[in-house]
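Structure, as structure tokens:
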Amino acid sequence: MNLIIWLALGGFIGWLASLALKTGGSQAVIVNVVTGTLGALLAVWFLSPMVDFGTVNDATFSLASLGASVSGAIALLAIVNLFRHRGAH
């Protein structure tokens, strides 16, 4: 059940990141799920020890951790887009 929650939230977070970077039409749903999940994992992994907020698995999940997850997904999606556009030239 935990995996389903991770994937659903990852898809939502990836979708928010694609809206922020205006790349929603150029990528598939699976890219949203992967970027959202990996970006959220990386952001929470790096920021959680410094700021001390909860994750999806904790009962202390908060808006701060959701914001960190979205910003991590935005950063990861920006890096992916940078390499995707660089490879197209």
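Values quoted throughout were computed directly from the atomic coordinates according to the rules given, and no laboratory measurement underlies them. Keep in mind the model is a prediction, meaning the values are calculated, not measured. Using ideal geometry, Cβ is built from the backbone for each residue, glycine included, and neighbour counts are taken over all protein chains shown.
The table that follows gives values for the structure above.
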quantity: Length gained when the stretch Leu19-Asp52 is fully extended (0.36 nm per residue, less Cα-Cα span); calculated: 9.1 nm
quantity: Simple spin-label estimate for Ile79 and Ile5 in nanometres, 7 Å along Cα-Cβ; calculated: 2.6 nm
